[in-house]
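Trainee: Sharing a structure with you now.
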Amino acid sequence: MLKDLLKDHEIILASGSPRRQKFFQELEIPVTIDVRPVDEVFPEHLKEQEITDYLSALKAMAFKDLKENQVLITSDTIVYHEGEAMGKPKDHDEAVAMIKALSGKDHEVITSVCFTTADSQKILNHTTRVYFSDLSDEEIEYYVSNYKPLDKAGGYAIQEWIGLIGIEKIEGSYFNVVGLPTHLVYKTIKELLKA
């Protein structure tokens, strides 16, 4: 769908996430992967999408050398629960503790996507509310031991076993919980390239 618009542009995806990379394949948007190290620390006063907006823009700052025809895409996802941002767990025990905290409650998954060109920047975000059923200690332990979700915000992936057995409903984009609000990304790239 975007082939004609993309032929004169290069989309750079600054993400090592295999899930995000696969989304671009499925959207039929060719990307160049370029991940640069960034210290992902945000000011403590930031809340909800302020955090992900800040971090997605921070990741773009590592790219000072964009050419006219390049569009850089950076993004960040957090799980936001009871006023706290949950990033990726440090170890097995923290992953277990995170899922225990989410069990039987609802939380928000917030993703921000930052589109940077040589002369402009646009940040958008999407929030999905996720409702977990009550999970037993055995179920949580089984999931963390077998699926090792240490690269997942909040310590879980909706598309894995824990999502199949534990998520009662969601409000908002499913793909956002996997890692990218794909409908917004497609729409924004289309708008940017037509401009």
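Trainee: Going by a ≥ b ≥ c, the root eigenvalues of the Cα gyration tensor, does region 19-68 fall in the rounded group (a/c under 1.5), the prolate group (a/b larger than b/c) or the oblate group?
Mentor: oblate
Trainee: Now, a different point. Say the dipole of region 1-57 comes from +1 at the beta carbon of Lys and Arg and -1 at that of Asp and Glu; which of Leu13, Phe24, Val38 then lies farthest toward its positive end?
Mentor: Value computed over the given set: Phe24.
Trainee: Would you mind checking the radius of gyration and Dmax of region 1-141 based on alpha-carbon positions, in Å?
Mentor: Cα-based Rg and Dmax for region 1-141 come out at 17.3, 54 Å.
Trainee: With point charges of +1 on the Cβ of Lys and Arg and -1 on the Cβ of Asp and Glu, referenced to the Cα centre of the chain, which listed residue (Phe115, Tyr147, Tyr174) lies farthest in the positive direction of the dipole?
Mentor: Farthest along the dipole direction, towards plus: Phe115.
Trainee: Report the gain in length on full extension from Leu164 to Asp106: 0.36 nm times residue separation, minus Cα-Cα distance, nm rounded to one decimal.
Mentor: Stretched out fully, the Leu164 to Asp106 stretch lengthens by 19.3 nm.
Trainee: Compare the peptides 30-42, 165-177 by average per-residue count of other Cβ atoms within 10 angstrom and give them in order, highest first.
Mentor: Ranked from most to least packed, the peptides come out as 165-177, 30-42.
Trainee: State the percentage of accessible surface on region 108-195 attributable to carbon and sulfur atoms; use a 1.4 Å probe and exclude ligands, DNA and RNA.
Mentor: Solvent-exposed carbon and sulfur of region 108-195 make up 50 percent of the total.
Trainee: Over what distance in Å are the Cα centres of region 74-107 and region 6-38 separated?
Mentor: Answer, in whole Å: 26.
Trainee: Also: Give the accessible surface of the chain per residue, rounded to a whole number of Å², with probe radius 1.4 Å and ligands, DNA and RNA excluded.
Mentor: 52
Trainee: Taking 7 Å along the Cα-to-C-beta vector as the label spot, tell me the Lys67-Asp91 distance in nanometres, rounded to one decimal.
Mentor: In this crude label model, Lys67 to Asp91 measures out at 4.6 nm.
Trainee: Out of all DSSP beta bridges in region 1-108, what portion is antiparallel? Express it as a percent rounded to 5.
Mentor: Bridges in region 1-108 that DSSP calls antiparallel: roughly 35 percent.
Trainee: Determine the order of Tyr54, Tyr186 by accessible area, beginning with the largest, at a probe radius of 1.4 Å.
Mentor: Tyr54, Tyr186
The values are calculated or read from the model by the stated rules, or taken from the named source; none is laboratory data. These numbers were taken from a predicted model, which means no experiment stands behind them. Note that we place each Cβ from the backbone using ideal geometry, even for glycine, and neighbour counts take in every protein chain shown. Ligands, DNA and RNA are stripped out before the accessible areas are found, and what is left, the full protein with its side chains, is counted by its heavy atoms. Shrake-Rupley method; radii C 1.70, N 1.55, O 1.52, S 1.80 Å.
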